[in-house]
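Accompanying notes for the structure given below.
Since every read-out is calculated from the coordinates, none of them should be taken as a lab result. The shown structure was predicted, so the numbers you read here are calculated from the model rather than taken from an experiment. Positions of Cβ are generated from backbone atoms using ideal geometry, with glycine treated the same way; all protein chains shown enter the neighbour counts.
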Amino acid sequence: MAGDQGDGKVEQQASPRVLIVGAGPAGLSLAIELGQRGIACLVIERNDRVGYAPRAKTTNVRTREHLRRWGIADRLRAASPLGVDYPSNVVFCTRLAGVELARHENAMYCAPGRNPLYSEHAQWIPQYTVEGVLRDHAQSLPGVQIRYCCELLDLSQDADGVRTRLRDLSGGAESSVRADYLVGADGARSRVRDLIGTRMLGEYGLSRNRNIVFSAPGLDRAHRHGPAIMYWQVNRDAPSLIGPMDRGDTWFFMPTHVDAARHAGVADERALIARATGIDLPYQVLSSDEWVASKLLGDRYRKGRVFLAGDACHLHPPFGGYGMNMGIADSVDLGWKLAAVLQGWAGPGLLDSYEAERRPVHQWVMDEAERNHAVLGNQLLADGIEDDGERGQRIRREVGGRIQAAKMREFATLGVVLGYQYEDSPVIAAESGPCPARDFINYVPTSRPGALAPHAWLHDGSSLYDHFGQGYTLLAASASLDDIAAARADARRAGVPLTVIQPAEGAIASLYPARLTLIRPDQHVAWRGDAWPGEGVLARACALSLHPQRGA
């Protein structure tokens, strides 16, 4: 950059179509969604994203289905530091050296193997590893640029685009970048959110907690509970979560509801780990930070050509593993819509559906996360839980029963992960009748408009999702040739990319009872029916204004 802050010059940079502020999982996922659709974008990040202590460790089945669609699910699988066959058990115990209270096996659905309900199993993997896979793929796309140590100073917008003022933190030089749209994926302390005046509503400070990453050679062999991804320790020394995180005997330790005033540094943290686990080892603290659990939702996700995604517009406790995954899902929803508008096969009104679709999902997930946060080790404590003899055994049985009943909601959540629906979206052809009741655990596939298109494995070993197109897909297993021809002709006239598939497997008919099902680029159902109704269905799905002569 030629200009610098000292001489007052501001260099004008080449214009991307979309400027993304934030190179975390949400920002990188948006760059991939746009880049794979040929939309030039610039990602800026004020940090270097190196050495960040992870909080997110669960990449759920829906996120991995997006990675499959992007062609990088296998890369994330190969990057798993513990191996994909490592059991995703969650063990509740008094302490690592103590007595088991309860356990949940295959938590989050991480077990490899084919499940008829989804195309990709979940994965227990540090967020920084996920970011590395996303970053490498984003940087391989020709239209994607990522600029680290670069911060957003200011923005303004008009009817044609957004103008920003940026600063290079390594040298202080300023530059000006203009883009068609800007997306703030810049986290809980979002600068973009402040600039567009979005307010976070809800409750701040549900609890204060610490996230400590440490090295502990031999800790995996120093207890008798077997391999697990998390051990919840229920004792009076330090109600906490602890578990393996990475190669090199790297673990995380998360004491919950901590008193910040009593924190006394690394030596105290080493002693706290020893007390909480009951195992004395030469613990080496690698990083430590305090984090605050809150329940906050932005009062709006958009101002003109500026949007918010991820933690910039919704914050909730991490219990249930929803946070990072929700941010990635935001970017998928917004990404294909921005691309459609910029490529001219959707109207600007399509972008209005982003908040209409995602905000109700965020509210549901926030409520689920808050319920999970309400039952931590602090709430599970009972007098005498570590006592010897019959009394201690009885108390531990009672606590174990409470754990099995209360924590299933946190570790068996397929109904939340796959069951959300965009029933009230303006671009969904909603059907009459009540929407199926929400169920956090039981996911029942449905091809009702707004729902995620049901998954199936085909006889050649591929997933049904593998055959969906990058634009809209018309699943027409039992449709007439005339209806298929009419749909193709209408899509050509409207300029909407349409892929027609006709799977022959008999099981498809039970999942897709209508003769025709129109599926969006994000794999949600837009419409279904037994006869093609004309191009009006595409006009609604893409927020297009059709020419009057077409009978719109």
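Mean residue ellipticity, 222 nm, helices only, the chain: the sum of -39500 (n - 2.57) across DSSP H runs of n ≥ 4, divided by residue count and rounded to 500, is -9000 deg cm²/dmol. Over what distance in Å are the Cα centres of the range 443-461 and the range 181-256 separated? Result: 33 Å between the Cα centres.
Relative to the longest principal axis of the Cα atoms of the chain, helix 353-373 runs at roughly 10 degrees. When only Cα pairs below 8 angstrom with a gap of at least 6 residues are kept, the chain shows a relative contact order of 15 percent.
Think of the chain as having a plus end and a minus end, set by charges on the Cβ of Lys, Arg, Asp and Glu; of Ile242, Gly506, Gly171, Gly506 sits farthest toward the positive end of this dipole. Figure legend: label point modelled 7 angstrom from the Cα of Asp299 along Cα→Cβ; residues of the range 182-198 with amide N under 15 Å from it are 193-198. Stokes-Einstein diffusion for the chain at 37 °C, viscosity 0.692 mPa s, with a Kirkwood radius from C-alpha pairs, works out to 131 µm²/s.
Take the Cβ-Cβ distance between Ala374 and Asp74 as r, set R0 to 45 Å, and report the resulting FRET efficiency rounded to the nearest 0.05. Efficiency computed from Cβ-Cβ geometry: 0.75.
In the range 422-550, inverting the average of 1/r over every pair of distinct C-alpha atoms gives 15.2 Å as the Kirkwood radius. Sequence-ordered 3J(HN,Hα) estimates for the range 86-100 from the Karplus curve with 6.51, -1.76 and 1.60 and θ = phi - 60° stand at 4, x, 8, 8, 10, 10, 9, 8, 5, 6, 3, 8, x, 9, 6 Hz, glycine and proline given as x. Centroid-to-centroid, using Cα positions, the range 36-106 and the range 494-540 are 32 Å apart. Overall, the chain carries a charge dipole of about 280 debye about its Cα centre when +1 sits on the Cβ of Lys and Arg and -1 on the Cβ of Asp and Glu, all other atoms neutral. Eigenvalues of the alpha-carbon gyration tensor of the range 123-267, scaled by 5 and square-rooted, set the equivalent ellipsoid semi-axes at 40, 22, 15 angstrom, largest first.
If the segment from Gln139 to Asn106 were pulled out straight at 0.36 nm per residue, it would be longer than the present Cα-Cα gap by 8.5 nm. Report Rg(Cα)/(2.2 N^0.38 Å) for the range 348-428, keeping two decimals. Expressed relative to 2.2 N^0.38 Å, the Cα Rg reads 1.71. The long axis of helix 266-277 is offset from the longest Cα principal axis of the chain by roughly 80 degrees.
Number of Lys-Lys pairs in the chain with C-alpha atoms under 25 Å apart and a separation of 8 or more places or on different chains: 5.
Helix 61-70 and the long axis of the chain differ in direction by around 50°, with both axes built from C-alpha atoms.
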